[in-house]
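Here is the structure we will look at.
What follows is calculated from the coordinates using simple rules that are stated; it is not laboratory data. Since this is a predicted model, take the numbers as computed values, not measurements. We place every Cβ from the backbone using ideal geometry, glycine too, and count neighbours over all the protein chains shown.
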Amino acid sequence: MEQTQSDGRTARKRRAILDAARTLFLRNGFAGTSMDDVAAMAEVSKQTVYKHFADKQSLFGELITLDISQMEVDPHPLELAMPGTDDLERDLREYARMHLSVVMQPPLLRMRRVLIGEADRFPHLARAWYENGPERSCAIFAGWFEALDRRGLLHAPDPMLAAQHFNWLVLSIPLNKAMSMPVEGAMFSDAELRHYADAGVRVFLAAYASGTAASAVNGRNVNDS
């Protein structure tokens, strides 16, 4: 029983250290955070921090590895349904809105910025973040567009290139702003994010929709104007 209680206290302290480290790394960056800062915020001794983590690099590495593992979530229903969609514009627009709202969450923006700044120091972590984020998303999109090309709804002879175009048509304007200035000054309203998502889908379909799909999209655009 005593061992169980001790294990529980140890786990709680480790969790408190990781939570404090996340807050401080996101607020101050890697260079601006010290192990003393982490100990103070976690309300543990500095010796306790070093008992769990040999140095600041190992603490940062475990935190990023933990966050990356949490990115591997169950697929959104639209990810599975998109290849068989009966309304391509509607479903792409719905997914684009969701995708942009997730990417633009302030904690994710701050973590992206920290990792970009520390990519030379932690290349394996930056690579893992990229592989489990943008690269994974584009692989999913490429699978959609290959299937939709076969159905004649898109003309996408290079599905991966189409996937990258889709991803950045939706994300690039708000994400670039968020990466270039303090997060608090780069926040967009829900209506603004919907506007960017919808516009990205319109441009994507103008380039890639084929046959009747393109006519349907153009017809809706005319009617909406």
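Any idea which of Ala139, Gly117, Ala128 is furthest toward the positive side of the dipole for segment 66-216, if Lys and Arg beta-carbons carry +1 and Asp and Glu beta-carbons -1?
Gly117
Evaluate the charge dipole of segment 65-132 about its Cα centre and quote only its size in Debye, nearest 20, assuming +1 on the Cβ of each Lys and Arg and -1 on the Cβ of each Asp and Glu.
About 460 debye.
Stick to the Cα atoms of segment 93-141, pair each with every other, and give me the Kirkwood hydrodynamic radius in Å at one decimal.
Result for segment 93-141 stands at 11.7 Å.
Could you name the aspartates and glutamates in cross-link range of Lys13, using Cα to Cα under 20 Å and dropping any fewer than eight places away on the same chain?
Of all the aspartates and glutamates, those that pass the test against Lys13 - Cα under 20 Å, at least 8 places apart if same chain - are Glu2, Asp36, Asp37, Glu43, Asp55, Glu62, Asp67.
For segment 104-187, what log10 I(q)/I(0) values come out of the Debye formula at q = 0.12, 0.17 1/Å, with one point per alpha carbon and no solvent?
-0.45, -0.78
Compare the Cα positions of Ser58, Ala162, Ala96 along the charge dipole of segment 57-172 (+1 at Cβ of Lys, Arg; -1 at Cβ of Asp, Glu; about the Cα centre) and return the one farthest towards the positive end.
Result: Ser58.
Mind pulling up the Rg/Rh value for segment 31-142? Radius of gyration and Kirkwood radius, both on Cα.
Taking Rh as the inverse mean 1/r over Cα pairs, Rg/Rh reads 1.11.
Report, in debye and to the nearest 20, how large the dipole of the chain comes out about its Cα centre when Lys and Arg carry +1 and Asp and Glu carry -1 on their Cβ.
I would put it at about 560 debye.
If you take Rg/Rh (Cα atoms, Kirkwood Rh) from the coordinates, which of (i) 1.01; (ii) 1.09; (iii) 0.96 do you get?
Read-out from the structure maps to (ii).
In a Gaussian network model over the chain where Cα atoms closer than 10 Å are linked, find which of Ala119, Ala191, Ala16 has the largest mean-square fluctuation.
Maximum fluctuation in the GNM of the chain, among the listed residues, is at Ala191.
Using Cα springs under 10 Å in a Gaussian network model of the chain, which residue among Glu89, Glu135, Glu192 shows the largest mean-square fluctuation?
In the Gaussian network model the winner is Glu192.
Using helices alone, what [θ] at 222 nm do you get for the chain, with -39,500 (n - 2.57) per DSSP H run of 4 or more residues, divided over all residues and rounded to the nearest 500?
Calculated from helices alone, the mean residue ellipticity at 222 nm is -25000 deg cm²/dmol.
Going toward the positive end of the dipole of segment 14-126, with +1 on Lys and Arg Cβ and -1 on Asp and Glu Cβ, which of Thr23, Leu108, Gly84 do you reach last?
Thr23
GNM on the chain, C-alpha springs below 10 Å: top fluctuator among Val38, Val102, Val201?
In this elastic network of the chain, the residue with the biggest mean-square fluctuation among Val38, Val102, Val201 is Val102.
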